[in-house]
Every structure is written in structure tokens, then in C-alpha cells.
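Right, one structure below, let's go through it.
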Amino acid sequence: MGDLPGIPQAGPPAEFVSQTGRTLLNLREMLLRGDFKPGERISELPLVARLGVSRTPIRLALDRLAHEGLLEISPSGGFVVREFTLTDVWDAIEMRGVLEGTAARLASERLSHYNELDRMRKLRDEIDLVLPSTIESFARYLDLNEAFHTALVDLAKSAMLRRTLDCVLSLPFASPSALVFARLKLPKASEILTVGHEHHHALVEAIENRQGTRAESLAREHARLSRRNLEIALGDKDILSCVPGASLIRLPRAV
């Protein structure tokens, strides 16, 4: 019998949805932590015992991770861990800059009321209070920084842009927080965070004044901080080990 018109149909049980979500988070964390090596084959059955869940949420999680680009479908069945070249990494960071730049420009063009910027202003001011950052305050900085970037995309008022950006941010190294913990070990870490937050201040000002071109340029320059940070981290194994997904990068062999 087909679905009856006008009567809401029951979706998957909430317990199943939450179990699938937890499985996805666990598998993504394992991949970024280096539990699996690039090119390693991943199958459902070993993960059933390892994660203590049934095959269905594991299958759904693996499909999602393949869609995100962390896994590739193996011609012989199952999935293999994807390996990233440095070009992949730079392209992912560049694409985030392009998309967040577009978000900043659209936010400037589509701002209809001064109060719409209140969320970004509040987050900017809260970041002021946790800088210069310490080990104790760094988790708070991380949350505020993520929220600031989310608020920027919200102001763009574009569901299409948000979906596209979500795909890019699912890749390692692309998100605003990809290098956050490594930054604490970078030379002149405090100065780098200060420059990044100066960008936050300038972005709010540019959007407030409807300066779309300036806002776009600032957002793209802000994303390029991640590239500069990663270039520094690549020269220090201890720092690089703090970068989620670093084990998935194929580094050039030393001559």
C-alpha cells in the first residue's frame, strides 16, 4: 500500500539516526587521527566489532565519508582511504577562501538591517576577551572562531553557497579550525592569531559599510592564513603531527 496523502510518514527512529551520526563522527575522527593509512582498504565487518554497532550505520557512514572525499570506492568492493597531495591541500584552502569571500560579498550586498550584524559583532567582541590565547582559553577561542565563520555564511543568505561550502569544509585542512591546535606550537603563534582577528574586525566593518569588494578580499586573505600556517607546519614534524589528517598527505620525498 502506498503512503496516504496528507498523513506524515514516520522517518527512521531517532535512536538509529543518532547511532549513524555517532558512527560517522567516530570514523571521521579515526581517519583524521591516522588510525588508517592512505590506500588502506576499509570493510564493514571489522568495523562492526571495533565500533560495536551494526553494519547499516557503518555502511551509511562509509558512503557519507566517500561522498565527502575522505574515502574512495574500491573497484574490488569496499572503500580505501584517500591520499591527498599538497596540491589537493592548497586547492581545498583556496576554495574555502573563494567561497567565504563570496559569502562576505553577498553579506555586504544583502544586508538589510544594521542589527543583522549583531551576531558577528558579539562573537568578534568575545574573541577580543580571549586573546592573547592561552592553553586554558584556546578551546573557547576555537568555538568562537567557528561560530564567527558560520555567522558570516548565514549573512550571505544563500542555501546554495552553504551546501557547496559544507562539501569543501568536510575535507581535512580546509576548515577554519584545521590548524588551530597546531598554531599553538607555531613560531609567533600569538601574532598569527592577532592578525587573524584583525581580519575579523575588518570584515565586520566592511560588511557594515556595504563594501562588498573589500569584504571579499579580506575573507580570501583570511583563508590564506591557513596556507601560511600549514607551510610552516610542514617543516616541523612535531607541529605537523598536531594537524588532523596530516597522515593522509603525501609529502614530497627529500632529495
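The values are calculated or read from the model by the stated rules, or taken from the named source; none is laboratory data. Because the structure is predicted, anything quoted here is derived from the model rather than measured. Counting neighbours? That spans all protein chains shown, and the Cβs are built from the backbone with ideal geometry, glycine included. Note: accessible area is taken over every heavy atom of the protein model, side chains too, but ligands, DNA and RNA are not part of it. Shrake-Rupley method; radii C 1.70, N 1.55, O 1.52, S 1.80 Å.
May I ask you to verify whether S112 is among the small types (G, A, S), over 18 Å from the mean Cα position of the chain (by Cα) and either open to solvent by less than 60 Å² (accessible area, probe 1.4 Å) or under 17 Å from L218 (Cβ atoms) (or both)?
no
Picking from T164, T150, which residue would you name as being among the hydroxyl-bearing types (S, T, Y) and within 17 Å of A202 (Cα to Cα)?
On inspection, the qualifying residue turns out to be T150.
Tell me yes or no: at least one residue of region 126-139 is under 19 Å from the mean Cα position of the chain (by Cα) and either not in a helix (DSSP H, G or I) or not aliphatic (A, V, I, L, M) (or both).
yes
Take M160 and decide whether it is open to solvent by 30 Å² or more (accessible area, probe 1.4 Å), over 25 Å from L31 (Cβ atoms) and of a type in the set (A, V, I, L, M).
yes
Considering only residues of region 71-101 that are in contact with a Leu (Cβ under 6 Å, 6 or more places away or on another chain) and assigned to a helix (DSSP H, G or I), which is farthest from E205 (Cα to Cα)?
Among those residues, the one meeting the criterion is A92.
Can you tell me which residues in region 27-60 are under 20 Å from C242 (Cβ atoms) and either over 20 Å from the mean Cα position of the chain (by Cα) or not acidic (D, E) (or both)?
Result: R28, M30, L31, L32, R33, G34, F36, K37, P38.
So, of the residues in region 225-255 that are loosely packed, with under 15 Cβ neighbours inside 10 Å and modelled with pLDDT of 80 or more, which turns out to be nearest to R33 (Cα to Cα)?
Across region 225-255, the extreme among qualifying residues is R250.
Can you tell me which of (1) crowded, with 21+ Cβ neighbours inside 10 Å; (2) under 20 Å from the mean Cα position of the chain (by Cα) is the one D88 doesn't meet?
All conditions pass for D88, except number (1).
Would you say D118 is in a helix (DSSP H, G or I), under 18 Å from A215 (Cβ atoms) and not aromatic (F, W, Y)?
Judged against the criteria, D118 is a match.
Going by what's in this entry, would S137 be described as farther than 24 Å from K157 by Cα, of a type outside the set (F, W, Y) and open to solvent by less than 30 Å² (accessible area, probe 1.4 Å)?
yes
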